[in-house]
């Protein structure tokens, strides 16, 4: 049962092969048996899940079921979930029971899906390896002899889906946090256009970059989940008023004549020969279905990582100023005055990476430096966006690597934080431009999965999912599972 | 540009964080590395380029000025570290 996709489970439920209670119990049992090793969940909401499953079976009995009624899934622990622990991977929120639901959470509830629990993540979504979580590192289920990272920051969601502890999960992406773990865990992950999915109740890291999306096994499942997640929300002033298409409707469209661009800056001499070959094979596969390829240029893309490491820390330092030990979150013992309370609560509550980014952001925004850093980065950001806008005049989709390498070992990036930041070198420009991007499994390197990235024009999620689905109907990389599940 | 120990203490103060004396050298090295990554931006000509605040240059949507939220003080205060009589408690600020 655990090898079925959401689509297959949905059919199974509608044909009465199993009930939602049976299905939910099956996944809860798997989590209990297997998650000790991989640590992909921070909280398992077993009682709530079984209640929701029972209610879903009741709805089905009344003939009111939809595609999602009774389908188990998990939320990244960045989404505020009413009455449930919501930690964002931080000691700061170790005891935070959210008093309200994020819009993504209420959308999933309305769909009738059953939430199994909350998945582990890098603290406040800052990291590319899941090593910064206060609740312990997540182990990539593809690990063999050596323990490997699942990627980050949505590493818990990715590991849980890869280990078949949940059929699908929600995730978020600020600089690659859906796509890079999807690549490292052999999954299909989609970061929608900025403004497509509401950020209300999604604990903020960098508000102009953050976007939620599905972490799935197949493009079809991702399309099904995006149908539920997407849409305008009056509670998020940056969400866009635009109709949501049925993302499953165009999955099977022909890609004959589709124009795909290959950014020459991403296909450079630093790319490993193994990854080059995998991408070439993927290109050939899509060519055989009628897609045409041409080289394009994104001349400012080398500035994405530098611009990101001004903008994201600046926004993070502003967003995380709300953790003051007064209204929620960690408060230090016996503060002697207000300043002491702020300083010690924050110093005790935040981990090292979060502090580094707050400090960089505070520096970039401080008097005398604002123009040199933040303003400059926002100008460069427009140049990066303009590159994409020109490129999309002649092409429909961009194809590139997602991550430079497959899963790596813990602590393998050394002591310099910049080495870890380069993990997102292919994904960050998409966030800066606000474009949709996805990663899907494209091959194996030394027995480990690696993804390719597809980037689309604004609100062209349907096209990305269409290309991905066509690729997945002709290949089986997305069906591969880790050995020991 | 480089960040020295004095800068670290100053920005830590702005960010309301305490940095242990012994961690200052490592941290200042880390931040320097990040800043030298970021300094690549300085070489780019950005004359007349408008800073980008929103990918679609969207503007704030205004709604009608009506009450949409109900008072949920008890619910929100239930997660606060210290409250009394509906008020948030903090260390004494006025002598």
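What the table shows:
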| read-out | value |
| --- | --- |
| Enumeration of residues in the range A:310-336 that are part of a helix (DSSP H, G or I), within 22 Å of residue A:80 (Cβ to Cβ) and more than 7 Å from chain B (Cβ to nearest Cβ) | A:312, A:315, A:316, A:318, A:319, A:320, A:321, A:322 |
| Qualifying position, being more than 7 Å from every other protein chain (Cβ to nearest Cβ), part of a helix (DSSP H, G or I) and either within 27 Å of the chain's Cα centre (by Cα) or more than 30 Å from residue A:417 (Cα to Cα) (or both), among B:74, B:69 | B:74 |
| Unique match (being within 14 Å of chain B (Cβ to nearest Cβ), in contact (Cβ under 8 Å) with a residue 40 or more places away in the chain and outside any strand (DSSP E or B)) among A:431, A:466 | A:431 |
| Residue within the range A:293-302 that is within 14 Å of chain B (Cβ to nearest Cβ), out of contact with any strand residue (DSSP E or B) (no Cβ under 7 Å at 6 or more places or on another chain) and buried (at least 20 other Cβ atoms within 10 Å of the Cβ) present | yes |
| Selection count where residues are crowded, with 21+ Cβ neighbours inside 10 Å and either over 30 Å from residue A:301 (Cα atoms) or more than 25 Å from the chain's Cα centre (by Cα) (or both), scope the range A:344-355 | 5 |
| Residue tally, condition surrounded by 24 or more Cβ atoms within 10 Å (Cβ to Cβ) and part of a strand (DSSP E or B), over the range A:43-76 | 5 |
| For residue A:406: the one exception among (1) in contact with a strand residue (DSSP E or B) (Cβ under 7 Å, 6 or more places away or on another chain); (2) under 28 Å from residue A:313 (Cα atoms); (3) surrounded by fewer than 20 Cβ atoms within 10 Å (Cβ to Cβ) | (3) |
| Single unsatisfied condition, residue A:406 versus (1) at pLDDT below 95; (2) closer than 30 Å to residue A:141 by Cβ | (1) |
| Flag for residue B:83 being surrounded by 12 or more Cβ atoms within 10 Å (Cβ to Cβ), over 30 Å from residue A:303 (Cβ atoms) and in contact with a helix residue (DSSP H, G or I) (Cβ under 6 Å, 6 or more places away or on another chain) | yes |
| Selection count where residues are surrounded by fewer than 23 Cβ atoms within 10 Å (Cβ to Cβ) and within 19 Å of residue A:204 (Cβ to Cβ), scope the range A:356-370 | 2 |
| Residue in the range A:376-396 that is within 12 Å of chain B (Cβ to nearest Cβ) and in contact with a strand residue (DSSP E or B) (Cβ under 7 Å, 6 or more places away or on another chain) present | no |
| Some residue of the range A:337-356 being modelled with pLDDT of 95 or more, within 9 Å of chain B (Cβ to nearest Cβ), in contact with a strand residue (DSSP E or B) (Cβ under 7 Å, 6 or more places away or on another chain) and farther than 19 Å from residue A:89 by Cβ | no |
| Within the range B:34-64, considering residues that are loosely packed, with under 12 Cβ neighbours inside 10 Å and within 7 Å of chain A (Cβ to nearest Cβ), the one modelled with the highest pLDDT | B:50 |
| Matching option when the condition is more than 11 Å from every other protein chain (Cβ to nearest Cβ) and part of a strand (DSSP E or B), among A:290, A:257, A:261 | A:261 |
| Matching entry among A:282, A:250 (being at negative phi, away from chain B (no Cβ under 14 Å), surrounded by 12 or more Cβ atoms within 10 Å (Cβ to Cβ) and touching a helix residue (DSSP H, G or I) at 6+ places or on another chain (Cβ under 6 Å)) | A:250 |
| Among (1) closer than 26 Å to residue A:238 by Cα; (2) away from chain B (no Cβ under 14 Å); (3) in contact with a strand residue (DSSP E or B) (Cβ under 7 Å, 6 or more places away or on another chain) - the single one residue A:158 does not satisfy | (1) |
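Matching residues to (1) surrounded by fewer than 24 Cβ atoms within 10 Å (Cβ to Cβ); (2) in contact with a helix residue (DSSP H, G or I) (Cβ under 8 Å, 6 or more places away or on another chain); (3) modelled with pLDDT of 95 or more:
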{"residue": "A:174", "(1), (2), (3)": "no, yes, yes"}
{"residue": "A:177", "(1), (2), (3)": "no, yes, yes"}
{"residue": "A:197", "(1), (2), (3)": "no, yes, yes"}
{"residue": "A:212", "(1), (2), (3)": "no, yes, yes"}
{"residue": "A:217", "(1), (2), (3)": "no, yes, yes"}
{"residue": "A:224", "(1), (2), (3)": "no, yes, yes"}
{"residue": "A:227", "(1), (2), (3)": "yes, no, yes"}
{"residue": "A:238", "(1), (2), (3)": "yes, no, no"}
{"residue": "A:244", "(1), (2), (3)": "yes, yes, yes"}
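The values are calculated or read from the model by the stated rules, or taken from the named source; none is laboratory data. This one's a predicted model, so the numbers in the text were calculated from it and none came from an experiment. Neighbour counts run over all protein chains shown; Cβ positions are idealised from the backbone, glycine included.
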